[in-house]
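Heads up: the structure comes next, in C-alpha coordinates.
The values are calculated or read from the model by the stated rules, or taken from the named source; none is laboratory data. Note that this is a predicted model, so its numbers are computed, not measured. So basically every Cβ, Gly included, is an ideal-geometry build from the backbone, and we count neighbours across all protein chains shown. We work out accessible area using only protein heavy atoms, side chains counted, and drop any ligands, DNA or RNA first. Shrake-Rupley method; radii C 1.70, N 1.55, O 1.52, S 1.80 Å.
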Amino acid sequence: GTPLDGGQYDLSETCDTFGYNGFDHYIIADKDENGEIQGFRIPRNCQMNVNVKREVVEGDNVAADITITYLDEGTTPIKMQYNTWDNNVGGYGKLTEREKFIERKNTGRLVTTTLHFDDINLGNMYALGVDFKLSGVSTEAYIKSVDVFVPEEYRVPVVDKKKTPPTAEERR
(Lines give C-alpha, C1' and ligand atoms only; values in the text may rest on other atoms or scores of the structure.)
Protein backbone atom coordinates (compact mmCIF):
# COMPACT_ATOMS: atom_id res chain seq x y z
CA GLY A 1 0.00 0.00 0.00
CA THR A 2 2.47 2.75 -0.89
CA PRO A 3 0.45 5.67 -2.29
CA LEU A 4 1.70 6.62 -5.76
CA ASP A 5 -0.68 9.52 -6.38
CA GLY A 6 1.35 12.20 -4.64
CA GLY A 7 3.32 13.24 -7.70
CA GLN A 8 6.46 12.11 -9.45
CA TYR A 9 9.19 14.57 -10.38
CA ASP A 10 12.29 14.14 -12.48
CA LEU A 11 15.18 14.90 -10.17
CA SER A 12 17.97 14.22 -12.64
CA GLU A 13 18.69 12.20 -15.75
CA THR A 14 19.19 9.06 -13.67
CA CYS A 15 16.58 9.36 -10.90
CA ASP A 16 12.89 9.85 -10.34
CA THR A 17 11.71 11.36 -7.10
CA PHE A 18 8.35 10.39 -5.74
CA GLY A 19 6.84 12.91 -3.34
CA TYR A 20 3.94 11.32 -1.51
CA ASN A 21 1.44 13.90 -0.35
CA GLY A 22 0.59 13.07 3.22
CA PHE A 23 2.15 10.63 5.64
CA ASP A 24 5.80 11.51 6.27
CA HIS A 25 6.74 11.74 2.60
CA TYR A 26 5.51 15.26 1.84
CA ILE A 27 7.95 17.33 -0.22
CA ILE A 28 7.47 20.71 -1.89
CA ALA A 29 8.68 21.37 -5.43
CA ASP A 30 10.31 24.81 -5.72
CA LYS A 31 9.38 26.33 -9.11
CA ASP A 32 10.59 29.49 -10.83
CA GLU A 33 8.32 32.02 -12.59
CA ASN A 34 8.21 29.79 -15.70
CA GLY A 35 7.09 26.74 -13.72
CA GLU A 36 10.47 25.00 -14.03
CA ILE A 37 11.43 22.98 -10.95
CA GLN A 38 14.54 24.40 -9.26
CA GLY A 39 14.72 22.02 -6.30
CA PHE A 40 12.75 20.36 -3.52
CA ARG A 41 12.11 21.41 0.05
CA ILE A 42 11.81 18.60 2.56
CA PRO A 43 9.88 19.91 5.58
CA ARG A 44 10.93 19.13 9.14
CA ASN A 45 10.28 15.50 10.16
CA CYS A 46 9.55 14.52 6.53
CA GLN A 47 11.57 12.65 3.95
CA MET A 48 12.17 12.59 0.21
CA ASN A 49 11.88 9.19 -1.45
CA VAL A 50 14.26 8.69 -4.37
CA ASN A 51 14.01 5.92 -6.95
CA VAL A 52 16.55 5.13 -9.63
CA LYS A 53 14.95 4.56 -13.01
CA ARG A 54 14.60 0.86 -13.81
CA GLU A 55 16.15 1.29 -17.24
CA VAL A 56 19.36 2.51 -15.60
CA VAL A 57 19.98 -0.09 -12.90
CA GLU A 58 18.13 -2.85 -11.13
CA GLY A 59 19.70 -5.12 -8.62
CA ASP A 60 20.93 -6.17 -5.25
CA ASN A 61 24.02 -4.63 -3.71
CA VAL A 62 25.55 -2.65 -6.51
CA ALA A 63 28.45 -0.22 -6.38
CA ALA A 64 27.30 3.35 -6.91
CA ASP A 65 28.28 6.96 -6.40
CA ILE A 66 25.36 9.17 -5.43
CA THR A 67 25.90 12.91 -5.89
CA ILE A 68 23.59 15.22 -3.96
CA THR A 69 23.44 19.00 -4.44
CA TYR A 70 21.80 20.69 -1.46
CA LEU A 71 21.47 24.08 0.20
CA ASP A 72 23.96 24.18 3.07
CA GLU A 73 21.57 25.69 5.62
CA GLY A 74 21.53 24.79 9.29
CA THR A 75 23.95 22.70 11.31
CA THR A 76 22.21 19.34 11.60
CA PRO A 77 23.17 16.78 8.93
CA ILE A 78 21.16 15.53 6.00
CA LYS A 79 20.38 11.87 6.55
CA MET A 80 20.30 9.27 3.81
CA GLN A 81 18.62 5.93 4.57
CA TYR A 82 19.32 3.05 2.20
CA ASN A 83 19.22 -0.75 2.14
CA THR A 84 21.68 -3.56 1.55
CA TRP A 85 20.83 -7.19 0.93
CA ASP A 86 22.40 -9.77 3.22
CA ASN A 87 22.18 -13.30 1.78
CA ASN A 88 23.47 -14.93 4.97
CA VAL A 89 20.56 -14.23 7.32
CA GLY A 90 18.57 -17.30 8.29
CA GLY A 91 19.27 -18.96 4.96
CA TYR A 92 16.84 -16.63 3.21
CA GLY A 93 18.50 -13.24 3.05
CA LYS A 94 17.30 -9.97 4.47
CA LEU A 95 17.20 -6.27 3.60
CA THR A 96 19.14 -4.27 6.17
CA GLU A 97 18.50 -0.53 6.48
CA ARG A 98 21.58 1.65 6.88
CA GLU A 99 22.26 5.36 7.21
CA LYS A 100 24.82 7.87 5.97
CA PHE A 101 25.02 11.50 7.00
CA ILE A 102 26.04 14.64 5.11
CA GLU A 103 27.33 17.31 7.51
CA ARG A 104 26.03 20.87 6.98
CA LYS A 105 28.09 23.94 7.92
CA ASN A 106 25.42 26.66 7.46
CA THR A 107 27.25 28.47 4.62
CA GLY A 108 23.99 29.40 2.89
CA ARG A 109 25.37 28.13 -0.45
CA LEU A 110 24.55 25.24 -2.72
CA VAL A 111 27.01 22.41 -2.03
CA THR A 112 27.57 19.19 -3.96
CA THR A 113 28.81 16.05 -2.25
CA THR A 114 29.29 12.49 -3.50
CA LEU A 115 28.64 9.42 -1.36
CA HIS A 116 30.25 6.13 -2.43
CA PHE A 117 28.55 2.78 -1.85
CA ASP A 118 29.88 -0.71 -2.41
CA ASP A 119 26.63 -2.49 -1.56
CA ILE A 120 23.55 -0.29 -2.00
CA ASN A 121 20.41 -2.13 -3.04
CA LEU A 122 18.77 -0.19 -5.89
CA GLY A 123 16.11 -2.79 -6.68
CA ASN A 124 13.70 -1.79 -3.89
CA MET A 125 11.23 0.31 -5.80
CA TYR A 126 8.54 -2.35 -6.07
CA ALA A 127 9.18 -4.09 -2.76
CA LEU A 128 9.54 -1.02 -0.55
CA GLY A 129 8.33 1.78 -2.82
CA VAL A 130 11.69 3.53 -2.54
CA ASP A 131 15.38 2.97 -3.27
CA PHE A 132 16.65 5.49 -0.69
CA LYS A 133 15.37 8.37 1.47
CA LEU A 134 16.72 11.83 2.29
CA SER A 135 15.70 13.96 5.27
CA GLY A 136 16.88 16.94 7.29
CA VAL A 137 17.17 15.20 10.69
CA SER A 138 14.45 17.13 12.57
CA THR A 139 14.99 20.23 10.41
CA GLU A 140 14.19 21.24 6.85
CA ALA A 141 16.44 20.37 3.93
CA TYR A 142 16.58 21.75 0.41
CA ILE A 143 17.71 19.36 -2.34
CA LYS A 144 18.65 20.79 -5.73
CA SER A 145 19.48 17.52 -7.50
CA VAL A 146 20.49 13.89 -7.04
CA ASP A 147 22.48 11.87 -9.57
CA VAL A 148 23.36 8.19 -9.39
CA PHE A 149 26.44 6.87 -11.20
CA VAL A 150 26.65 3.09 -11.50
CA PRO A 151 29.54 1.20 -13.16
CA GLU A 152 28.68 -0.42 -16.48
CA GLU A 153 28.70 -3.97 -15.07
CA TYR A 154 25.73 -3.09 -12.83
CA ARG A 155 23.68 -1.33 -15.49
CA VAL A 156 20.70 -2.86 -17.23
CA PRO A 157 21.83 -3.75 -20.76
CA VAL A 158 20.31 -1.60 -23.48
CA VAL A 159 18.21 -3.72 -25.83
CA ASP A 160 18.45 -2.74 -29.48
CA LYS A 161 14.87 -2.95 -30.66
CA LYS A 162 14.64 -3.38 -34.43
CA LYS A 163 11.65 -1.92 -36.21
CA THR A 164 11.36 -4.85 -38.61
CA PRO A 165 11.06 -8.52 -37.66
CA PRO A 166 14.26 -10.55 -38.03
CA THR A 167 14.83 -12.33 -41.31
CA ALA A 168 15.06 -16.13 -41.54
CA GLU A 169 18.85 -15.86 -41.67
CA GLU A 170 18.95 -13.65 -38.55
CA ARG A 171 16.80 -16.17 -36.67
CA ARG A 172 19.29 -19.00 -37.40
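With respect to the stated conditions, Arg44 fails to be modelled with pLDDT under 85, in a loop (DSSP other than H, G, I, E, B) and not small (Gly, Ala, Ser). Thr2 fulfils the conditions (1) modelled with pLDDT under 85; (2) open to solvent by 70 Å² or more (accessible area, probe 1.4 Å) except for a single criterion, (2).
Counting only residues that are closer than 20 Å to Thr14 by Cβ, open to solvent by 50 Å² or more (accessible area, probe 1.4 Å), at pLDDT 90 or above and under 15 Å from the mean Cα position of the chain (by Cα), how many does segment 92-145 have? Total satisfying the criteria: 4.
Could we say that Asp60 is modelled with pLDDT of 70 or more, open to solvent by 60 Å² or more (accessible area, probe 1.4 Å), within 28 Å of Asp118 (Cα to Cα) and not hydroxyl-bearing (Ser, Thr, Tyr) here? Here the answer is yes, as Asp60 does meet what is asked.
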